[in-house]
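The values are calculated or read from the model by the stated rules, or taken from the named source; none is laboratory data. No experiment lies behind these values; they were computed from the predicted model shown. Methodologically, a virtual Cβ is constructed for each residue, glycine included, from the backbone with ideal geometry; neighbour enumeration extends over all protein chains shown. Ligands, DNA and RNA are excluded from the accessible area calculation, which covers all protein heavy atoms including side chains. Shrake-Rupley method; radii C 1.70, N 1.55, O 1.52, S 1.80 Å.
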Amino acid sequence: MVSCNMENKTLVLEVYETSASGNKLTRLKEFKSNDSTTVIKLNPNQTFQTITGFGGAFTESSAYLLNKLSTENRKKIIDAYFSKDGANYSLTRTHMNSCDFSLSNYSYAPIEGDKELEHFNIQEDKADLIPFIKEALAASTDGFKIFGSPWTAPPWMKDNNKWVGGKLLPEYYDTWALFFSKYADAYKAEGIDIWGFTVENEPLGNGNNWESMHYTPDEMTHFVQNYLGPKLEADGKGNLKILGYDQNREHLKEWVDSQFKNEETSKYFDGTAIHWYASTYDYFPEELQYAHDKAPSKLLIQSEACVDAEVPVWKDDAWYWKKEATDWGWDWAPEEDKHLHPKYAPVNRYARDIIGCLNNWVDGWVDWNMVLDKQGGPNWFKNWCIAPVIVDPDKDEVYFTPLYFTMAHFSKFIRPNAKVIGVENSDKNLMVTAAENPDGSIAVVVFNEMETPSGIQLTLNDQSVEFTIDAKAIQTIVIPKNIN
């Protein structure tokens with residue numbers, strides 16, 4: 001990348017823009033004049049959370065689709081996500097046992113009553129998930145973190161003996177803790193180091209639709225405090241991260257109150273995982289602030305997000321910028337929550353949520369499926385969703401939606417161990433966040449949801465520069481180390 005010198009020559013910047021008008025992470029060198037000016041002042045001396053990373057999830061559905069593509073297109077997608085020239089993903093998730101974005105129900109512990117897990121195996125992952133992860137690791141210069149999330153224990157460990165719903169039987173608490181340890185060992189044997197876990201995907205359930213297992217906040221805390229944490233520690237895996245909760249932000253307070261009640265309950269929790277499905281536009285800043293204040297030294301990671309309940313629109317960039325998408329809440333939310341689920345533009349949803357999270361102590365943000373087909377699957381439950389990359393495996397075609405470029409505005413330029421820094425922003429219509437990277441460079445991300453362009457005056461250490469952001473656009477501004 002070659003930096004461009006702005007007109008007043010006081011601040012050297014690189015500006016990248018993705019817009020409804022057609023830019024796709026395009027580096028800009030010329031800017032139109034604009035009458036309105038938003039003043040954005042950076043304060044690197046005011047620091048907040050340390051970034052863990054940005055990325056997406058390895059699912060069986062995505063891996064299955066990659067297996068059906070040509071070698072060329074498979075590599076194109078993996079490089080686009082993981083190479084330094086691409087989005088350079090740094091934090092990822094995968095499912096332990098099957099999930100809704102699997103082709104069928106399966107478990108690594110299929111033998112009923114196998115309390116010592118002598119028959120534990122990850123054979124189900126060896127044809128698709130594991131090759132996908134290995135190729136991503138090979139494409140990544142910097143490497144990335146990966147955490148595992150179970151949707152459910154095998155049915156024989158549960159009180160209802162079903163894939164969906166029910167609770168873990170107390171007699172299998174030890175066995176289920178052992179399961180996590182064996183999973184880490186099995187993946188390590190494949191050359192894949194697991195960074196950590198969430199305890200349970202969506203412990204409140206998901207309407208009893210697909211794989212799930214229920215915990216109350218105190219039940220999860222009890223399991224981690226007395227079983228999972230001690231087991232990983234005893235097995236020499238005390239360095240693996242344990243993230244609690246792993247569901248929507250509107251219930252975050254009751255979960256962090258349980259996890260971080262005192263020193264004993266907090267000991268094995270490294271942080272909390274959250275989802276965004278409670279609203280298409282509200283990022284729940286009060287809940288995020290509360291979680292940080294409750295445990296300021298703990299991680300707060302967005303572990304799953306997607307535009308759900310939608311079939312992807314194929315090769316029509318404009319659709320992703322229009323407020324036409326709906327989600328589960330459009331049809332199914334309780335009447336008092338309907339206002340949280342209006343029609344909303346997919347790009348707006350991603351950009352608004354990520355910036356809102358970064359401005360409220362979230363240190364990692366992980367998307368859901370990396371690749372889906374034109375139907376929004378495959379998915380054994382037929383729970384269709386959108387991914388940043390959509391493929392037609394029958395025709396060996398690939399479509400990088402605007403959501404891919406939106407994710408890259410953060411993952412490519414805000415690197416692990418960056419520090420979120422202070423920002424003063426004079427225009428409430430623009431969303432802005434900024435972080436200083438370990439190499440000393442600063443990345444500023446600006447989102448303009450409005451129908452008109454906006455002039456920007458960016459100031460750092462008494463140096464300033466003026467430029468313009470297009471209507472319906474997201475920009476990343478990179479300030480090299482020697483400037484700030």
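Candidates 225, 247: the one that is under 18 Å from residue 299 (Cα atoms) and in contact with a strand residue (DSSP E or B) (Cβ under 9 Å, 6 or more places away or on another chain) is 247. Of the helices (runs of 4 or more DSSP H) lying entirely inside region 257-361, those containing at least 2 residues that are under 20 Å from residue 409 (Cβ atoms) span 346-358. From the list 454, 464, the one residue that fits, being crowded, with 19+ Cβ neighbours inside 10 Å and of a type in the set (S, T, N, Q), is 454. Would you mind stating whether residue 426 is in contact (Cβ under 8 Å) with a residue 40 or more places away in the chain, open to solvent by 10 Å² or more (accessible area, probe 1.4 Å) and not aliphatic (A, V, I, L, M)? Here the answer is yes, as residue 426 does meet what is asked. When residues in region 123-137 are screened for being closer than 18 Å to residue 152 by Cβ and open to solvent by 10 Å² or more (accessible area, probe 1.4 Å), 1 of them pass. Of all the residues in region 367-378, those that are open to solvent by 10 Å² or more (accessible area, probe 1.4 Å) and either within 28 Å of residue 434 (Cα to Cα) or assigned to a loop (DSSP other than H, G, I, E, B) (or both) number 3.
What number of residues within region 116-137 are of a type outside the set (Gly, Ala, Ser), touching a helix residue (DSSP H, G or I) at 6+ places or on another chain (Cβ under 6 Å) and assigned to a helix (DSSP H, G or I)? Break it down stepwise before answering.
Going residue by residue through region 116-137, those that are of a type outside the set (Gly, Ala, Ser) are 116-126, 128-135, 137.
Okay, now just the ones that are also touching a helix residue (DSSP H, G or I) at 6+ places or on another chain (Cβ under 6 Å), so 117, 120, 122, 128-129, 132, 135.
From the residues that got through so far, the ones that are assigned to a helix (DSSP H, G or I) too are 129, 132, 135.
Residues meeting the conditions: 3.
Scanning region 138-161 for residues that are open to solvent by 10 Å² or more (accessible area, probe 1.4 Å), part of a loop (DSSP other than H, G, I, E, B) and under 17 Å from residue 114 (Cα atoms) returns 159, 161. In this structure, does residue 245 turn out to be buried (at least 19 other Cβ atoms within 10 Å of the Cβ) and at positive phi? Yes; evaluated as a whole, the condition is true for this residue. The residues of region 333-366 that are buried (at least 23 other Cβ atoms within 10 Å of the Cβ) and of a type in the set (Gly, Ala, Ser), listed by number, are 345, 351, 364.
Taking the conditions (1) touching a residue at least 60 places away in the same chain (Cβ under 8 Å); (2) surrounded by fewer than 21 Cβ atoms within 10 Å (Cβ to Cβ) in turn, residue 330 satisfies each one other than (1). So is residue 103 among the aliphatic types (A, V, I, L, M), open to solvent by less than 60 Å² (accessible area, probe 1.4 Å) and assigned to a loop (DSSP other than H, G, I, E, B) or not? So residue 103 fails the test.
Quick one: in region 219-253, of everything that is part of a helix (DSSP H, G or I) and basic (Lys, Arg), which residue is farthest from residue 267 (Cα to Cα)?
Ranking the candidates gives 249 first.
Would you mind finding the one in 118, 112 that is without any contact (Cβ under 8 Å) to a residue 40 or more places away in the chain and not basic (Lys, Arg)?
Matching residue, one of 118, 112: 118.
Looking at the structure I just gave you, is residue 434 at pLDDT 95 or above and within 21 Å of residue 39 (Cα to Cα)? So residue 434 fits the description; yes. Taking region 162-173 as the range and being outside any strand (DSSP E or B) and crowded, with 16+ Cβ neighbours inside 10 Å as the test, the residues that pass are 163, 164, 165, 166, 167, 169, 172, 173.
Note on region 11-35: residues that are part of a strand (DSSP E or B), under 22 Å from residue 462 (Cα atoms) and either touching a Gly at 6+ places or on another chain (Cβ under 8 Å) or among the hydrophobic types (A, V, I, L, M, F, W, C) (or both) amount to 3.
Taken as a whole, region 381-388 holds no residue that is among the β-branched types (Val, Ile, Thr), buried (at least 18 other Cβ atoms within 10 Å of the Cβ) and not in a loop (DSSP other than H, G, I, E, B).
Of the residues making up region 274-298, those that are touching a Lys or Arg at 6+ places or on another chain (Cβ under 8 Å) and open to solvent by less than 40 Å² (accessible area, probe 1.4 Å) are 274, 275, 276, 278, 280, 284, 287, 288, 291.
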